[in-house]
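Trainee: Sharing a structure with you now.
The values are calculated or read from the model by the stated rules, or taken from the named source; none is laboratory data. Note that the structure is a prediction, hence the values are computed from the model and not measured. Neighbour counts are summed over all protein chains in view; Cβ atoms, including those assigned to glycine, are modelled from backbone coordinates with ideal geometry. The accessibility values were calculated without ligands, DNA or RNA, using every heavy atom of the protein model including side chains. Shrake-Rupley method; radii C 1.70, N 1.55, O 1.52, S 1.80 Å.
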Amino acid sequence: MLEYFAHDEPRPAPFNADELKPEHAKAIGAFLDERVKELRAKHPAGSPEERAARALKEAVGVHLDALNECFEDEEPDTLQARKTSWNRLVFIVWPWEGTEGYDAYQWRLVRHLDADAAVESARRLLATRQEVADKKRAERQ
């Protein structure tokens, strides 16, 4: 039995939106499709559980379609849409974290569009921390 790890939200990805590829969408879709099949096999048609499985299948399908439309180019608007679509799927798959077949490395929240955006974010964070440190230093003097 795999251990379940509870978090406030899925972990941040060690990669950016521009690194996501159609095969990532395919993998997360296949995993969720298997979960739907398992649920439907265990519950009779029309039962609340079977209806929940159908709802999951539809939700995943909508989000996968949206994500798959975001691989045509690397423009900032497309990357933003890719990031948003990916992160929605990550929240859908997140309840299975710690179970067999769950890809804990890949199925994480994307924070940045590309490496340049990640560097800029780090610079802003460092500048903010420096301002706080400077303010504390000034207050002590």
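Trainee: How high is the relative contact order of the chain? Use alpha-carbon pairs under 8 Å, at least six apart in sequence, and give a whole percent.
Mentor: 37
Trainee: Right, next: Taking amide H atoms as placed 1.01 Å from N in the peptide plane, list the residues 5 or more away in sequence, or in a different chain, whose amide H sits under 5 Å from that of R111.
Mentor: Excluding prolines and chain starts, which carry no amide H, the hits are A13.
Trainee: Taking only C-alpha pairs under 8 Å that are 6+ residues apart, what is the relative contact order of region 74-122 in percent?
Mentor: Over region 74-122, the number comes to 40 percent.
Trainee: If each residue of separation counts as 0.36 nm, what is the full-extension length gain between R88 and L125 once their alpha-carbon separation is subtracted?
Mentor: 10.8 nm
Trainee: Can you list the residues of region 95-111 with backbone N under 19 Å from a point 7 Å past the Cα of E34, pointing along Cα to Cβ?
Mentor: From region 95-111, the list is 95-108.
Trainee: How would L32, L39 line up by accessible area, probe 1.4 Å, largest first?
Mentor: Largest accessible area first, the residues go L39, L32.
Trainee: Share of the chain's accessible area from carbon and sulfur, percent, 1.4 Å?
Mentor: Exposed carbon and sulfur together represent 53 percent of the surface.
Trainee: Output the peptides 89-97, 131-139 sorted from most to least packed, where packing is the average of other Cβ atoms within 10 Å over each peptide's residues.
Mentor: Listed from highest to lowest mean packing, they are 89-97, 131-139.
Trainee: With a probe of 1.4 Å, find how much accessible area region 1-77 has per residue, and write the answer as a whole number in Å².
Mentor: Dividing the accessible area of region 1-77 by its residue count gives 67 Å².
Trainee: Additional query: Rounded to the nearest 20 Debye, what is the dipole magnitude of region 25-115 about its Cα centre when Lys and Arg each give +1 and Asp and Glu each give -1 at the C-beta?
Mentor: Rounded to the nearest 20 debye, it is 480 debye.
Trainee: Now a separate question. Once you put a point 7 Å from the Cα of E74 and another 7 Å from the Cα of A45, both along the Cβ direction, what distance in nm separates them?
Mentor: With each label point 7 Å from Cα toward Cβ, the separation is 4.8 nm.
Trainee: With +1 on each Lys and Arg Cβ and -1 on each Asp and Glu Cβ, and nothing else charged, work out how big the dipole of region 15-68 is about its Cα centre, in Debye to the nearest 20.
Mentor: 280
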